[in-house]
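Trainee: Starting off with a structure, shown below.
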Amino acid sequence: MVIRSKALRLGILISTLLVATIVAVQLFWLQKVYYFEEKQFSANISKSIKGLYEDMDLLEEHSYNIEKLIDNPKSDVYLAKIDSLPDIDSLRVTIGDELTDFGVFTDCRIAIYDKATGKYTSERYIDLPDTYHAITDNSELPYYKKDYSYVVLYFPHRGEYIIKQMAFWIVATGLLLLVLIGFGSSVFYLYRQNFLTETQNDFVNNFTHEFKTPLSVIKIAADVLQQPSITDKPDKLNKYAGIIGEQTAHLQKQVQRLLEIAFTDQSFLPVVREHFNVNDLIKQAINDLQPLMEEREVQITTNFAIDNATIYADKSHLLLVVINLVENAVKYSLKPVIEISTYTKDSYFCISVKDNGVGIRKEHQKKIFDRFYRVTNGNIQSSQGFGLGLNFVKKVVDAHFGKIEVQSEAGKGTTIIIKIIKSF
């Protein structure tokens, strides 16, 4: 069962909004987790420094508010105020034990700042690669001039360590994104398959409609011609023979269009270039369409800006392009009045086909060159055909590295301009 495109597009829109919401919520929580890990890291460092004060004789008075003794000028730097300068190696061992006790396993650089000299007297590197493989950091130790001595703790890989602590959340988010990507791909594939199925059904319906009437007419005419008395009525014989000829020609034309579009299924449309006069080509196209012109009482005029309009292109393909454009101009007009013009503009040779037909609304103009796309306008039989002609025109023009312009307004006719590069 085929889901109609409108309902499917609505489903895709709702699914997209749901997926976007899920991704946004997941990213929001991932950010929250990161902030939580940052706070937890900072809290653990503060606890480790408090333990350092308890384990070592760093203060003259122990009645200090410990919180006021710790400064955090940067997210990866902590300063602990001291009154006496400790032994650096003892400090290294003690702070290493405190960090591991409170679950901090990233590497750390420590140093002792002496307010008397205004510089670091000694420093050490603490490698705690339990859950994070530390790499010796060779960057310059952050320096802060203070009016008191302090111990500095610098964590060069703090960011990487926190992200590693979030490994579970990151992996979970990655898996969720993969699932959502898979879901999105499945929905897109479903939409594409549904579109192709609808297109195929439409094509079969159009194909059946286009061939049913001519075949019925041919069958009726053949039955009449099989009557024994038909030889006694030469006028009737000629009339029905002519009908069979016309309908057969119509079927041949439709089959030719199918062959053209099948040919253009190739990724590259072969082009056989030759020099020829475009004006003569347009006259040939008009002559080929003469029976149709007479039947519809078409008023057609030509306006050739230059006589020797020679270009280097594929003559047979371009002839079909002009025939397609003129046929459309006839088909989509009640009383066809057509003007075909040729002129040059910049590096292009231009062919303009202007009609007085029903016109094309703006929302359709970008789609008329899509395969199987057809426009229905009021009482005009705009939906006749397979929706292949303009698609073929577009492929031929693209093969010549040209351009197509559509100038149209509903009820006021259409002008289609083909631009082909004059020379290579």
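Taken together, the values in this text are just the output of simple stated rules run on the coordinates, not laboratory data. These figures come from a predicted structure and were not determined experimentally. Glycine also receives a Cβ, built like all others from the backbone with ideal geometry; neighbour counts cover every protein chain displayed.
Trainee: Could you derive backbone 3J(HN,Hα) for segment 20-35 from the dihedral phi with the Karplus parameters 6.51, -1.76 and 1.60 (θ = phi - 60°), listing whole Hz in sequence and x where the residue is Gly or Pro?
Mentor: Rounded to whole hertz, the list is 4, 5, 4, 4, 4, 5, 5, 5, 4, 5, 5, 5, 4, 4, 4, 4.
Trainee: While we're on this one: Near the amide H of ILE300, under 5 Å away, which other amide H atoms are found, from residues 5 or more places off or on another chain, if H is placed in the peptide plane?
Mentor: Residues meeting the amide H criterion: ILE338.
Trainee: Another question, then. What are the lysines whose alpha-carbon lies under 18 Å from the alpha-carbon of LYS32, with same-chain residues fewer than 8 places away excluded?
Mentor: LYS164
Trainee: Could you please rank ILE338, ILE300, placing first whichever residue has the fewest other Cβ atoms within 10 Å of its Cβ?
Mentor: ILE300, ILE338
Trainee: What do you get for trypsin sites (Lys or Arg not before Pro) in segment 1-110 restricted to DSSP loop and a cutoff of at most 11 other Cβ within 10 Å of the site's Cβ?
Mentor: Counting only loop positions with at most 11 other Cβ atoms within 10 Å, the trypsin sites (Lys or Arg not before Pro) in segment 1-110 are ARG4.
Trainee: Grab the other residues whose beta carbon is less than 14 angstrom from that of GLN40, score K and R as +1, D and E as -1, and report the net.
Mentor: +3
Trainee: Would you mind checking which residues have amide H under 5 Å from SER149's amide H? H placed 1.01 Å from N; only 5 or more apart, or other chain.
Mentor: ILE82, LYS115
Trainee: Also, I was wondering about something else. If you keep only loop residues by DSSP, which chymotrypsin sites (Phe, Trp or Tyr not before Pro) in segment 31-82 have at most 13 other Cβ atoms within 10 Å of their Cβ?
Mentor: For chymotrypsin sites (Phe, Trp or Tyr not before Pro) across segment 31-82 that sit outside H, G, I, E and B with at most 13 neighbouring Cβ atoms in 10 Å, the list reads TYR64.
Trainee: Distance cut-off 23 Å, Cα to Cα: go down the list LYS283/LYS315; LYS39/LYS145; LYS367/LYS422; LYS354/LYS395; LYS315/LYS412; LYS354/LYS419 and report the pairs above it.
Mentor: Checking Cα-Cα distances, LYS39/LYS145; LYS367/LYS422; LYS315/LYS412 exceed 23 Å.
Trainee: Also: Work out from phi, with θ = phi - 60° and the Karplus expression 6.51 cos²θ - 1.76 cosθ + 1.60, the ³J(HN,Hα) of each residue of segment 71-87, listed in order in whole Hz, and give x for Gly and Pro.
Mentor: Coupling constants for segment 71-87: 10, 10, x, 9, 4, 10, 10, 10, 10, 10, 5, 9, 9, 10, 7, x, 6 Hz.
Trainee: Just in segment 15-124: which GluC sites (Glu not before Pro) are loop by DSSP and have at most 15 other Cβ atoms within 10 Å?
Mentor: Filter output for segment 15-124: GLU60, GLU61.
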